[in-house]
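**Student:** Quick one: the structure is below, and I'll ask about it shortly.
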Amino acid sequence: MTQSAARGWFVATFLLALSALASSAPRADAAPKKVLFVTFDGGYNSDGFNAKSELETYVTSLYGQGQVDYLVLSSNGQVAAALAANTYEQIWTYDLSTGADDYPLDYAAIASWYSAAPLKEVICDGRFLSSFWAGRYSTEGRLLVQNYFYNLDARGGGIVLGTDHNEYANLGMNILADTLGIGPFTGNFGGNFPLDAGHPLTTDPNTLTSLSNDSTTGQAPFGLQPGGRTLRTLGYHSGNTLTPGISTTIDGGVLGITVAITGATTALCDGTRTFTASITSGAEFGPFTYQWRVNDVLAGSGPTFAFDASSAAPGTYAIKVIAQGAGQRADDDLVTITVGGAACGCGFDAEVLCDDGGAIFAIGLEGPQSGRYALCRVVPAGYGNPAASATEFRCEDADNNGVVDLVTADQLAAQFGAGFCGMP
């Protein structure tokens with residue numbers, strides 16, 4: 001090889017190495033990966049690895065290679081570093097460790113990921129190991145991870161909390177759950193484990209009617225959680241629906257209760273709008289309690305709720321009801337309603353300009369029925385003022401008794417900018 005050829009080979013090799021290094025480094029604009037699978041280092045790590053492998057095979061069949069990262073958590077900050085370097089749609093946690101599991105940085109990082117938009121679905125499995133040990137990872141376990149991933153993927157992402165009875169959950173998983181606003185895994189159970197046959201987690205993409213439950217399993221949190229989420233029973237120990245082993249925020253199924261809000265959701269200009277919580281009860285029983293929240297702030301109780309628009313600023317409001325039975329099983333529903341806006345005229349919580357003999361002055365309004373001028377409506381060009389050539393607006397009094405003043409679109413635009421109150 002000549003000196004010139006050797007130099008060329010070296011440069012080409014160097015550039016190729018730089019390219020490979022750059023492609024392996026995480027990029028801020030890289031597409032999100034599907035799953036981060038975290039095993040708390042301790043007992044039964046191999047069963048967690050088998051669960052991850054089944055999950056990775058399924059995800060690869062759908063989305064190609066490189067979509068699942070696997071991490072054995074053994075020192076504080078490992079998960080935090082992974083979440084800082086990559087974006088994930090799902091996090092799966094597997095805790096079969098009886099150690100201290102002192103990972104505050106990682107719990108905080110997962111909580112930050114969980115609380116960020118979009119809203120994450122949750123699956124709590126207190127008998128996760130039972131589906132993967134004794135060789136079941138390639139049969140029952142395979143079907144289970146496919147159903148978990150498929151349903152979380154269809155809903156934009158979420159988190160799986162997989163553990164066992166309280167000895168394993170207490171020092172790791174329960175600390176993480178508390179950080180997420182979710183109650184603890186408790187107890188030590190066994191026996192048969194029937195499933196809610198009507199829930200999407202037991203029907204999509206695989207049909208599941210029961211699961212194994214022989215690894216001294218735990219009870220999953222269920223019902224209304226400290227953070228305001230609702231966990232629904234999916235599977236339960238020994239036929240007792242009040243001792244669930246799997247629960248989820250994903251709606252559906254026939255166990256427990258289903259609540260639905262009825263009431264018009266069209267734009268509300270003033271006054272009140274009453275909403276009613278209608279309950280369909282499955283295995284749950286009364287008496288039922290109700291919690292109404294507006295934009296996640298507690299606003300009322302009881303089966304009905306009157307939303308008062310007269311004291312609300314214009315905007316969109318999320319109205320949510322959480323219903324819970326005597327057996328702690330709960331459900332929630334949410335509707336949105338718009339207050340004010342184009343459908344209500346431009347006098348709602350705005351300053352309206354009116355023409356007073358050629359002088360423009362501002363009139364502050366607190367609501368459609370509380371100011372001197374309540375409405376500002378579009379008037380055809382020239383109406384009431386033959387000299388006007390542009391679209392005019394009229395300001396009317398609170399009782400809508402007639403025209404009080406006129407103002408042109410140009411005058412409004414000069415003060416408020418184009419588009420004020422639906423103006424051309």
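**Student:** Under the Karplus relation 6.51 cos²θ - 1.76 cosθ + 1.60, θ = phi - 60°, what is the ordered set of whole-Hz ³J(HN,Hα) values for segment 207-220, x standing for Gly and Pro?
**Tutor:** Those phi angles translate into 8, 10, 10, 7, 9, 5, 7, 10, 10, 6, 8, x, 8, 7 Hz.
**Student:** Turning to a different aspect of this structure: Tell me, what is the percent relative contact order of segment 23-255, built from C-alpha pairs under 8 Å that lie six or more residues apart?
**Tutor:** Reported as a whole number, the value is 19 percent.
**Student:** For the ranges 61-74, 185-198, what's the packing order if you count other beta-carbon atoms within 10 Å of each residue, average per peptide, and put the highest first?
**Tutor:** 185-198, 61-74
**Student:** Residue separation times 0.36 nm, minus the C-alpha to C-alpha distance between L105 and T276: what's the value?
**Tutor:** Result for the pair: 57.3 nm of gain on full extension.
**Student:** Here's a follow-up. For an R0 of 41 angstrom, estimate the FRET efficiency from the Cβ-Cβ distance between T139 and S301 and round to the nearest 0.05.
**Tutor:** 0.30
**Student:** A further question on this structure: Given R₀ = 41 Å, what would the calculated FRET efficiency be for N240 paired with A260, taking r from the Cβ atoms and rounding to 0.05?
**Tutor:** E between N240 and A260, to the nearest 0.05, is 0.90.
**Student:** Just to confirm a number: summing +1 for Lys and Arg and -1 for Asp and Glu over residues other than D153 whose beta-carbon lies under 11 angstrom from that of D153, what do you get?
**Tutor:** So the surrounding residues net to -1.
Values quoted throughout were computed directly from the atomic coordinates according to the rules given, and no laboratory measurement underlies them. The model shown is predicted, which means the values in this text are computed figures rather than measured ones. Don't worry about glycine lacking a Cβ; one is built from the backbone with ideal geometry, like all the others, and counts go over all protein chains shown.
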